[in-house]
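**Student:** Below is one structure. I have some questions about it.
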Amino acid sequence: MSDVKVVIGDTFLDSFARLPSQAQKHTSDFLVKFRSNPTSPAINYEKIASKLDKKVWSVRIDDTYRGIVLREDKSGVFLLVWVDHHDEAYAWAERKRCNINPFTGAIQLYTVQEITEQVQVKGIFEDITDDNLLKLGVPEEQLPFIRTLTSKDMFIQSKGIITPDVYEGLSWILEDIPVDEVIELLEAERENAAPKAMDLRAALDNVENQRFFRVVEGEDDLQAMLERPLEKWRVFLHPAQRKIVNKDYSGSARVTGGAGTGKTVVAMHRARRLAGKLTGRQRVLFTTFTANLAADIQDNLRKICTNDELRHIEVINLDSWVSDFMRNAGYDARIEYNDAFLKNCWENAIGEAMAEDTGLTVDFYAEEWARVVIPQHAMNLAKYIRCSRNGRGVRLNRNMRKQVWAVFESYQRQMKAAGKRDVQWAMDECRFLIDKQHETLYPYIVVDEGQDFSPIAMELIRSIAGEEHPNDIFIVGDSHQRIYRNKTVLSKCGIQVRGRSSILRINYRTTEETRAYAFALLEGISFDDLDGEALDKDECQSLTHGEKPMVKYFRSANKEIEFIEEQINSLEASGIPLKDICITARTHNMLDNYIKAFTECGFRCYELKKEKMDDRHQEGIRLATMHRVKGLEFQYVFIAGVNKGIVPLSNVVDIDDSVAKQEAEVSEKCLLYVALTRAQKGAYITSYGKKSDLLR
């Protein structure tokens with residue numbers, strides 16, 4: 001047969017990831033030959049005893065391991081679905097069946113369970129009719145098994161038996177979403193009510209099936225899949241996400257959701273869809289808070305966009321965009337980020353204004369400038385005196401404001417003389433220039449990590465987008481991950497999202513045990529919806545389960561190192577690549593110490609640096625600061641050095657202003673939450689000396 005399709009299922013990638021390294025090498029070598037010609041006599045196909053489906057075969061990887069293949073000769077499709085030790089592979093396959101669901105068009109690989117006894121207690125899906133279960137995609141042969149599930153724990157344990165598409169739908173029902181609403185959502189995403197695909201080849205054209213099964217186009221494509229098997233093409237969308245992506249909004253829109261719910265994936269697909277509407281030199285502006293996040297997004301967009309779509313998307317963090325705009329507008333000033341330089345400017349300004357006896361600190365002036373003056377565009381004394389200072393912990397009467405303004409005047413003179421601006425000031429000047437032009441610079445703007453943008457940053461985005469128009473600004477964010485203390489109310493920045501908001505509630509990255517532990521760190525804190533309203537029922541739910549994060553305290557740093565070394569050796573021995581393990585620490589100095597220690601232990605260490613992508617071709621343990629890992633994910637994460645005075649970091653939370661102090665403490669908790677939720681399978685938290693007060 002000349003026109004064959006070799007396809008790899010995500011179940012195969014799961015099983016491949018668990019193999020010992022030597023078995024992975026043998027499997028990779030086999031796959032190269034298999035992709036080249038799956039009908040070759042050299043491929044040793046074997047029938048599986050007692051199998052229920054004639055399409056299910058085994059293939060010989062080596063003396064010990066076997067692969068499981070769905071072989072549909074009439075359509076020329078060869079679908080790899082599992083690899084394991086000989087006996088385990090056969091046991092996994094013997095009651096498997098593969099069909100195309102007549103209701104949903106989904107390719108379903110499922111286990112036919114033998115039901116030997118009647119259930120005596122009420123099942124969790126007892127109130128759902130067979131007809132509705134079939135509409136949800138449950139294979140008819142699995143209806144009796146679904147009726148045996150009497151608890152949520154039983155349902156969770158059935159994850160390997162129920163197909164992923166069905167598991168998702170039933171999960172939503174267990175989260176109290178009405179069955180009619182779930183069915184309506186799923187049916188709205190299907191091209192027609194009764195899909196006509198009669199074989200695997202036709203069914204693979206269905207974009208929903210491409211979430212779980214991928215045609216191997218060439219050897220490079222195959223190697224890319226094997227290098228990151230657990231990524232599972234996360235750029236594909238589930239129905240609830242796709243509904244948000246494809247919707248046309250009358251103006252701006254907002255999407256919120258906890259860590260791992262796919263907000264960035266939704267944002268990328270939204271940018272792709274909007275890019276498809278553009279012609280000529282028009283572009284979608286896709287912006288985020290940091291340069292390294294922008295680089296990661298640009299790389300992921302290449303996986304889902306055509307060259308033409310990429311040409312119509314500009315990915316850049318907002319600070320860099322501002323720098324480029326100011327330079328192109330003829331400004332000589334550049335943005336200054338150096339904390340030491342800025343602190344020196346404030347100290348000089350306080351001295352020049354003879355304001356030392358006010359008792360106000362450098363931190364106070366910097367905060368007042370960024371949180372009161374700039375957001376209210378109060379660039380002279382008269383405007384500053386009229387400013388609202390709600391939420392500031394230090395009260396100022398009229399005379400005190402005059403003294404404070406003298407410091408601000410001196411600060412501005414110094415910065416202008418040096419040809420510099422702090423980032424908030426630069427954004428405000430940029431906004432003023434754009435507003436004078438009265439034009440729309442980009443027809444569409446997509447904002448990722450919206451919770452980290454300051455009020456002036458959001459005002460600038462409003463200006464860049466011009467007057468409100470359909471689909472103008474699309475913002476995704478999660479206030480639980482607000483680690484930069486920038487709290488913004490969108491409506492006050494000219495961005496109206498009322499009636500155009502969505503919440504993602506299903507976590508596809510982190511296990512429920514890790515998610516629950518991380519979320520408990522934030523207990524008692526009120527979070528907002530990015531528009532000034534308190535979040536209601538703000539917890540999401542994870543679809544995967546595992547061990548609770550392991551929390552360990554040690555008397556010395558050496559003992560901590562020994563423990564982490566032992567755990568990494570164990571993970572590596574179980575087949576986990578070192579590049580899927582990350583060690584993260586609160587500060588750069590601590591990180592340098594861990595890099596030195598683990599290098600001396602004999603591990604190859606790869607530091608994830610600012611503005612540099614994670615090169616997946618580089619081997620070695622990943623090490624990064626807790627800020628740097630935001631937006632990334634790894635199979636296993638070690639959060640090391642969670643000591644008293646380090647998490648929270650003393651010099652960050654030791655602030656005189658009570659309001660600012662509280663904000664800083666919350667942001668430190670959020671930072672720990674972010675670091676924990678990078679873990680896909682498991683997390684470890686370690687400390688030495690005195691442990692952090694945040695640990696339970």
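**Student:** Would you call E633 touching a residue at least 60 places away in the same chain (Cβ under 8 Å), more than 30 Å from V83 (Cβ to Cβ), surrounded by 19 or more Cβ atoms within 10 Å (Cβ to Cβ) and acidic (D, E)? Step through it out loud before you land on a result.
**Tutor:** Numbers: touching a residue at least 60 places away in the same chain (Cβ under 8 Å): yes; more than 30 Å from V83 (Cβ to Cβ): no; surrounded by 19 or more Cβ atoms within 10 Å (Cβ to Cβ): yes; acidic (D, E): yes.
No, not satisfied.
**Student:** Something else: Report, ordered by the first and then the second residue, all pairs with beta carbons closer than 7 Å, sequence separation of six or more or different chains, a first member in the stretch 552-568 that is closer than 17 Å to L695 by Cβ, and a second member that is in a helix (DSSP H, G or I).
**Tutor:** Every condition considered, the pairs that remain are K552/F563; F554/E560; F554/F563.
**Student:** Checking A275 against (1) modelled with pLDDT under 90; (2) more than 20 Å from the chain's Cα centre (by Cα); (3) small (G, A, S): exactly one of these is not met. Which one?
**Tutor:** Of the numbered conditions (1) modelled with pLDDT under 90; (2) more than 20 Å from the chain's Cα centre (by Cα); (3) small (G, A, S), the odd one out for A275 is (1).
**Student:** A follow-up question, please. When you check G524 against the structure, is it touching a residue at least 12 places away in the same chain (Cβ under 8 Å), small (G, A, S), farther than 28 Å from Y167 by Cβ and outside any strand (DSSP E or B), yes or no?
**Tutor:** Numbers: touching a residue at least 12 places away in the same chain (Cβ under 8 Å): no; small (G, A, S): yes; farther than 28 Å from Y167 by Cβ: yes; outside any strand (DSSP E or B): yes.
So G524 fails the test.
**Student:** Out of all the residues in the stretch 645-696, which are touching a residue at least 12 places away in the same chain (Cβ under 8 Å), of a type in the set (D, E) and over 16 Å from R482 (Cβ atoms)?
**Tutor:** Looking only at the stretch 645-696, we keep the residues that are touching a residue at least 12 places away in the same chain (Cβ under 8 Å), and these are 645-649, 652-653, 655-661, 663-696.
Next, from what is left, pick out any that are of a type in the set (D, E): 656-657, 663, 665, 668, 693.
Answer for the stretch 645-696, where residues must be touching a residue at least 12 places away in the same chain (Cβ under 8 Å), of a type in the set (D, E) and over 16 Å from R482 (Cβ atoms): D656, D657, D693.
**Student:** Please state which of the following conditions F527 fails to meet, knowing it meets all the rest: (1) over 26 Å from E668 (Cβ atoms); (2) not assigned by TED's automatic domain parsing to the domain that holds K243.
**Tutor:** (1)
**Student:** Within the stretch 382-391, is there a residue that is touching an Asp or Glu at 6+ places or on another chain (Cβ under 6 Å) and either outside any helix (DSSP H, G or I) or not assigned by TED's automatic domain parsing to the domain that holds V659 (or both)? Break it down into steps so the answer makes sense when it comes.
**Tutor:** First, the residues of the stretch 382-391 that are touching an Asp or Glu at 6+ places or on another chain (Cβ under 6 Å): none.
No, the conditions are met nowhere in the stretch 382-391.
**Student:** Let me ask another. For the stretch 52-73, state whether one or more residues are of a type in the set (K, R) and touching a His at 6+ places or on another chain (Cβ under 8 Å).
**Tutor:** Step one: of the stretch 52-73, the residues of a type in the set (K, R) are 54-55, 60, 66, 71.
Checking which are touching a His at 6+ places or on another chain (Cβ under 8 Å) leaves us with 66.
Yes.
**Student:** Please go through the stretch 68-85 and pick out each residue that is surrounded by 21 or more Cβ atoms within 10 Å (Cβ to Cβ) and either among the acidic types (D, E) or closer than 22 Å to D199 by Cα (or both).
**Tutor:** Taking the stretch 68-85 and keeping what is surrounded by 21 or more Cβ atoms within 10 Å (Cβ to Cβ), we get 68-70, 77-84.
Of everything in the stretch 68-85, those that are surrounded by 21 or more Cβ atoms within 10 Å (Cβ to Cβ) and either among the acidic types (D, E) or closer than 22 Å to D199 by Cα (or both) turn out to be I68, V69, L70, V77, F78, L79, L80, V81, W82, D84.
**Student:** Something else now. Residues in the stretch 167-179 that are part of a helix (DSSP H, G or I) and either without any contact (Cβ under 8 Å) to a residue 12 or more places away in the chain or within 12 Å of L543 (Cα to Cα) (or both): how many?
**Tutor:** Here is the first cut: in the stretch 167-179, the residues part of a helix (DSSP H, G or I) are 167-174, 179.
Now restrict to residues that are either without any contact (Cβ under 8 Å) to a residue 12 or more places away in the chain or within 12 Å of L543 (Cα to Cα) (or both): 167-172, 174.
Qualifying residue count, the stretch 167-179: 7.
**Student:** (1) surrounded by fewer than 15 Cβ atoms within 10 Å (Cβ to Cβ); (2) of a type outside the set (D, E, K, R); (3) in contact with a helix residue (DSSP H, G or I) (Cβ under 8 Å, 6 or more places away or on another chain): which one isn't true of A557, the others all being true?
**Tutor:** (1)
This table checks each residue for (1) under 17 Å from the mean Cα position of the chain (by Cα); (2) of a type in the set (D, E); (3) in the same structural domain as Y508 (by TED's automatic domain parsing).
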site: K596; (1), (2), (3): no, no, no
site: E600; (1), (2), (3): no, yes, no
site: I621; (1), (2), (3): no, no, no
site: V647; (1), (2), (3): no, no, no
site: G682; (1), (2), (3): yes, no, no
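**Student:** The conditions are (1) assigned to a loop (DSSP other than H, G, I, E, B); (2) within 23 Å of the chain's Cα centre (by Cα); (3) surrounded by 13 or more Cβ atoms within 10 Å (Cβ to Cβ), and A518 fails exactly one of them. Which is it?
**Tutor:** All conditions are met except number (1).
**Student:** Quick check on the stretch 569-586. Is at least one of its residues outside any helix (DSSP H, G or I) and free of Cβ contacts under 8 Å to residues at least 24 places away in the same chain? Please lay out each step first, then the result.
**Tutor:** As a first pass, look at the stretch 569-586 and keep what is outside any helix (DSSP H, G or I): 574-577, 581-586.
Now restrict to residues that are free of Cβ contacts under 8 Å to residues at least 24 places away in the same chain: none.
No, every residue in the stretch 569-586 fails to be outside any helix (DSSP H, G or I) and free of Cβ contacts under 8 Å to residues at least 24 places away in the same chain.
**Student:** Can you list the helices (runs of 4 or more DSSP H) lying wholly within the stretch 254-358 that have 3 or more residues being surrounded by fewer than 17 Cβ atoms within 10 Å (Cβ to Cβ) and in contact with a Ser or Thr (Cβ under 9 Å, 6 or more places away or on another chain)? First the steps, then the outcome.
**Tutor:** Details: elements: 263-275, 291-304, 307-311, 318-328, 339-352.
Correct list: 339-352.
**Student:** Which members of the stretch 487-515 meet the condition of being among the β-branched types (V, I, T) and part of a loop (DSSP other than H, G, I, E, B)?
**Tutor:** Hits for the stretch 487-515 are T488, V489, I495, V497, T510, T511.
The values are calculated or read from the model by the stated rules, or taken from the named source; none is laboratory data. As the structure is a computational prediction, the values presented were derived from the model and not from experiment. Please note: Cβ atoms are built from the backbone with ideal geometry, for glycine as well, and neighbour counts cover all protein chains shown.
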